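K.L.:
Okay, handing you the structure first.
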Amino acid sequence: MVYSTTGSEFISTTTKKEYVGLYHYFKGRPYEGIDNPDPSTRLDDFQFGVEAINFKELKPRFGQHLSDPQSFRPKPSQKDYANSIITRYFVKNLHTAVILEVEEPTYKAYKKKNITLKHMYAAIKLVWKISGPLHDVIDSRGTITSTGIIETNQRTMALHKAKFPELPLILPVDDLAKITS
């Protein structure tokens, strides 16, 4: 039996756009046209939207029941402040854009390239300046004589802007800072 839709019912799995026109069912699944159950003509229910189609294309083996990793807040020691830097680790859920700071073992697990998590999460590590002058110290010739906390951390985040463009919105550049001269 052939049916017709004026829209808001199906999305083409090929074009990922709303389907308008004739369709039929084959083995319980809707297909474009009147008699061509080719995989390229398959339709998906509109209620799941384009995002659901994109997610299904990832073909995760287990990802749908995973929770985001446990959040972590570093507590630098006096030795860390004396070194002026710490390493921080972040994981981003690629579907929700939620960014969490995590511990190093969690970062390593989410950074691995051979598991399904790579399709669901991105992970980065930052070398974060936590002590020193607040701003770069520049001599009369325009040379930076001492790097500042704010500018150093801005440069660090700029290195990861492509993968984590939202990071500056959730991480202040002076986070954990101890200003010294």
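Each reported figure results from applying straightforward, stated rules to the coordinates on display, with no laboratory input. Quick caveat: nothing in here was measured; it's all calculated off a predicted structure. We place every Cβ from the backbone using ideal geometry, glycine too, and count neighbours over all the protein chains shown.
K.L.:
Just report the Cα centroid separation between region 166-181 and region 1-37, whole Å.
P.N.:
Taking the Cα centre of each part, region 166-181 and region 1-37 sit 52 Å apart.
K.L.:
Name the residue farthest towards the positive end of the dipole of region 65-179 from the options 67, 126, 150, assuming +1 on Cβ of Lys and Arg, -1 on Cβ of Asp and Glu, about the Cα centre.
P.N.:
Checking the options against the dipole of region 65-179, the answer is 67.
K.L.:
Let me ask you something else. Suppose we take every Cα in region 65-179 and form the convex hull; what volume per residue is that in Å³?
P.N.:
Per residue, the Cα convex hull of region 65-179 comes to 113 Å³.
K.L.:
Could you please report the charge total around residue 69, scoring K, R as +1 and D, E as -1 over all other residues with beta-carbon less than 11 angstrom from its beta-carbon? Could you put the intermediate results ahead of the total?
P.N.:
Working: positive: 92; negative: 68, 101, 103.
Result for the local shell: -2.
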